[in-house]
1. For segment B:391-420, give me the residue count where each residue is free of Cβ contacts under 8 Å to residues at least 24 places away in the same chain, touching a helix residue (DSSP H, G or I) at 6+ places or on another chain (Cβ under 9 Å) and of a type outside the set (D, E, K, R).
2. Cβ-Cβ below 7 Å, separation at least six or inter-chain, first residue in segment B:1-26 and farther than 18 Å from residue B:506 by Cβ, second among the charged types (D, E, K, R) and buried (at least 16 other Cβ atoms within 10 Å of the Cβ): which pairs?
3. Within 14 Å of chain A (Cβ to nearest Cβ), surrounded by 22 or more Cβ atoms within 10 Å (Cβ to Cβ) and either modelled with pLDDT under 95 or more than 20 Å from the chain's Cα centre (by Cα) (or both): does that describe residue B:660?
4. For segment B:614-649, which residues satisfy the criterion of being among the hydrophobic types (A, V, I, L, M, F, W, C) and out of contact with any Lys or Arg (no Cβ under 9 Å at 6 or more places or on another chain)?
5. Quick one: how many residues across segment B:691-712 are within 22 Å of the chain's Cα centre (by Cα) and facing another protein chain (nearest Cβ under 9 Å)?
6. If residue A:14 satisfies every condition in (1) aliphatic (A, V, I, L, M); (2) crowded, with 22+ Cβ neighbours inside 10 Å; (3) more than 8 Å from chain B (Cβ to nearest Cβ); (4) touching a Phe, Trp or Tyr at 6+ places or on another chain (Cβ under 8 Å) but one, which is the exception?
7. Does segment B:420-431 include one or more residues that are surrounded by fewer than 21 Cβ atoms within 10 Å (Cβ to Cβ), touching a strand residue (DSSP E or B) at 6+ places or on another chain (Cβ under 7 Å) and among the polar types (S, T, N, Q)?
8. Return the residue satisfying two criteria in turn: it lies in segment B:253-297 and is farther than 23 Å from residue B:328 by Cβ and buried (at least 24 other Cβ atoms within 10 Å of the Cβ), and of such residues it is farthest from the other protein chains (Cβ to nearest Cβ).
Amino acid sequence: MPNQIISFRLNGEVVEMAVSPAEMLLDVLREKMHLTGTKRGCGKGECGACTIIFNGKAMNACLIPAMRAQGADIQTIEGVEGPGGLHPLQQSFIDKGAVQCGFCTPGMIMSAKALLDKNKSPSKEQIREAVGGNICRCTGYVKIEDAVEDAARQLRASAVKGGEL
Amino acid sequence: MSQFEYVGKSVNRRDGVDKTTGRGLFTTDIFLPGMLFAKVLRSPHPHARIVSIDTSEAEKLPGVKAVMTHKNGPKNLFNAAVPMFLTIPQLERVLDQYLFDEIVRHVGDEVAAVAATSEAIAEKALGLIKVEYEILPAVFDALEAMKPEAPELHAGKGCTPEGRNIPAEIVKIPYNDVEKGLAESDVIVEQTFELPVQKQVQMETQAAVAQVDGNGDVTVWSTTQTPHPSRAILGQIFGIAASKIRVLAPPYVGGGFGVRIGLSGKAEPIAMGLALLAKRPVKLVYTRKEDFIASDTRHAAYVTVKLGAKKDGTFQALDMKGVFNTGAFCTFGAELPGVCGAMTLAIYRIPHQRYFGHSVYTNRTSAGAMRGFGNPQGNLAMEQVVDMMAEKLGMDPLELRRKNIMKAGDPWCLPYPCGTTELAECMRQGAESIGWERRGKLNEPGAVKLRGLGMAVGTHVSNAWPFCVDYDNAYVTIQPDGSAHVASGVPDIGTGTSTSLVQIAAETLGIGMDSISLTYGDTLGTPFDIGSHASRTCYAAGTAIKAAATDARKQLLEYAAGYFNIAPERLEIKGGVISPVAGSLDECSGSGLCQLEEVKEGKGNSVTVEELAYHAHVRNKQFIGVGRIVPENAPPWHACFAEVEVDTRTGQVRVVKLAAAHDVGRAINPMIVEGQIEGGAAQGIGYALSEEITYNDKGRQQQYSMHNYMLPTAEDMPEIHSIIVESHDPTGPFGAKGAGECSLVCPASAIANAVANATGYRFKQIPMTPERVFKALNS
């Protein structure tokens, strides 16, 4: 089958890409757009290193056929930092020592962000469930959980300041 | 208040922003103009001779630019790991691999490689290569492989009086008279344990990108833990001067855990070989399956411990034996059995000891270094036998250990002293954290879920000597603007090297961390260093950096002294400012920050390093500190306590809590050290309960993906209490000792002892999977 032009929203901007039916979204992001923050750890949806937020849900980009991105709203790790600086999750990952080799970190942050985008007061179990599909071999997950809890706290605090709660 | 400005502080990692924003570059992210993509054809057979190989169809496929097999590949024997280049003079190097060989020795062994304009084309080309194999007899178990009738894996290598397929030296550690010690013992416990193949499963698979320029100079971006030794190995494989090869991390490496102490599988030489043929850059990234079946694992092993004690619990004799399954190739043939023996013998003060250990070739994926390097295997056997001894003597296992643990200054089998140990304090704090006094009182009669408490203690190294060549160099250059540039050959494989080493430099120089840059993991522009392994980076590379920074500081102060008109020893640098140490002021008139020339005129008593460095620069002088050191060695210590719950209906073992107390000397960055402890705990839980690669009767690995190799996830983790008990080791930088590996030495042993405490059943084999536990409890 020939390539097709698809268009989707990527980190807030509409983009157009020619993709083949055989391609996975991860290949398009990494190989064609050179957005290498999304990592490939297994290519089979088993490690979570390629987690992106796809229409509001954390998903493994290696399992999404590129064609399915047509019309989708996609956020990758490159779109998490705001104009005002790092997202609280990014800052908390640094402050709490949740980063070691860093290869799982983008996927881990995306999974956590998909959770916190919807729930700013997650329980420990909800945090564990949210990152349960993201393998980290360095940290034992201890400081990752701390970081997500810390970020949730900050997001709640800023929501209070902003009058959202 | 801490006596230090930077050391001992949990400062944030310098790679944090790069790694949390996706900006950080890893080898697998590299994309160069004209770059080709490589794929590797691997053997489906565990042992076979390649009778013929025809690549003509593959070569004709449009987009294919190079094909390499044993016919056109380099013909130099090598060892893919650092013993190729770092074997000590007392041992003989084991060189047993070609890049491509006529014989394949395990499922996944390299047969051919293709470089093409896309991965898809390279993959398609692999399917066009025709290979005819003559199947050879295969052997998978180490004890079977030693029998006289076993097939020989490497002709002419390993036929010894002790058995077949023993590739390297047999490590024998005699320490006094073990027979006498056993004869003097009142109680003797002997047990053999079977340890499984564990896999590092670092998140970034083995990878390399090679580029050859018009003069034949080669650049290799690589996932290696050891850029300098890897450069030397590549030079020897291809017969190219090491000085023409640059190996570097880009700079980030997605984990190591020992899997790339030397080459990253064979990613570097395959990419380089294809790049030399195609005259274009070549990128090779292993799939996760390739990483599983074609790069080093932890050694499966049989370890036997025979422990003798007096009635009062005093250990009298320890006789230990280890047989290590090294698979198809022997990357760390003598070093790893040596570390297993030495580290296990070093835990307790036992007057009579003996160790006998060696590697054995089999037709499995080659086993090499994995975090702990033989030590977890030995520790599992030893620490379970200690618990068995406690039971026999009717003693509390904690008491028995307290009575026998090594004390600072005690004699032991190692050629360096047991300089410092806070193991007793680690045991005290760990026991308190887990609630050791509850042991034996946790279960109601008839309970289906049984709780148990267990403990284990252990030690490790702070560098590779005396098992391996081990030295370090570093440069510290003071820039004309007063900032400092540090160069060290170690990479940062995720352990925080690029932060901790800068803390050491900042503390030594008296210059803020923000004014210090670090070049690391790059053979161009850094002096030789053996790399990041053996828990040595902070301890050994840190010592070299401290030496280089001390040298640079001395030069700065000597230059300044002429203007201050006092001895350089009476000057100090703090926060980037040079001034007389307290009490010297009377010799220096004036006060406050000023220009160097004004100091001479008595108009002030302090200058910035920036002012001094620029003052020197415009007078044709720069300060360059050099550190060239041979590190000592020192033992870190670990006391690990586990509480488990065993579901007798399902065989499921759940770790409820792990308390891991460590003596790492001084923690240069406590947050980073905690991360090491927690990560090691998780890998230890996996080793104890779920992680294992097994082989079917056709010699195929049955676990080769994260789907069926059961790694702990966030949902599997118990509460982990990491406890740092500081000591001050005189041999390490600011008192530091190794911290990277000791964390994985004891958790599985503690969990095994906790399971035995809960169920009354002692497992002689790990992992304690639900299937094994259920069977054991219901038979």
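The values are calculated or read from the model by the stated rules, or taken from the named source; none is laboratory data. Worth saying up front: this structure is predicted, and the values here are computed from it rather than measured. No Cβ is skipped: glycine too gets one built from the backbone with ideal geometry, and neighbour counts run over all protein chains shown.
1. Number satisfying all stated conditions: 0.
2. Pairs that qualify, where the first residue is farther than 18 Å from residue B:506 by Cβ and the partner is among the charged types (D, E, K, R) and buried (at least 16 other Cβ atoms within 10 Å of the Cβ), are B:21/A:81; B:22/A:78; B:24/B:15; B:24/B:18; B:26/B:204.
3. Values: within 14 Å of chain A (Cβ to nearest Cβ): yes; surrounded by 22 or more Cβ atoms within 10 Å (Cβ to Cβ): yes; either modelled with pLDDT under 95 or more than 20 Å from the chain's Cα centre (by Cα) (or both): no.
When the stated conditions are applied, residue B:660 does not pass them.
4. Just the residues of segment B:614-649 that are among the hydrophobic types (A, V, I, L, M, F, W, C), to begin with: B:616, B:618, B:623-624, B:626, B:629-630, B:634, B:637, B:639-642, B:644, B:646.
Result: B:616, B:618, B:624, B:626, B:630, B:640.
5. 3
6. In the conditions (1) aliphatic (A, V, I, L, M); (2) crowded, with 22+ Cβ neighbours inside 10 Å; (3) more than 8 Å from chain B (Cβ to nearest Cβ); (4) touching a Phe, Trp or Tyr at 6+ places or on another chain (Cβ under 8 Å), residue A:14 misses (2) alone.
7. yes
8. We begin by selecting, within segment B:253-297, every residue farther than 23 Å from residue B:328 by Cβ; these are B:253-255, B:275-283.
Imposing the further condition that a residue be buried (at least 24 other Cβ atoms within 10 Å of the Cβ) reduces the set to B:253-255, B:275, B:282-283.
Working: B:253: 7, B:254: 3, B:255: 4, B:275: 19, B:282: 16, B:283: 11 Å.
Filtering segment B:253-297 for residues that are farther than 23 Å from residue B:328 by Cβ and buried (at least 24 other Cβ atoms within 10 Å of the Cβ), the one farthest from the other protein chains (Cβ to nearest Cβ) comes out as B:275.
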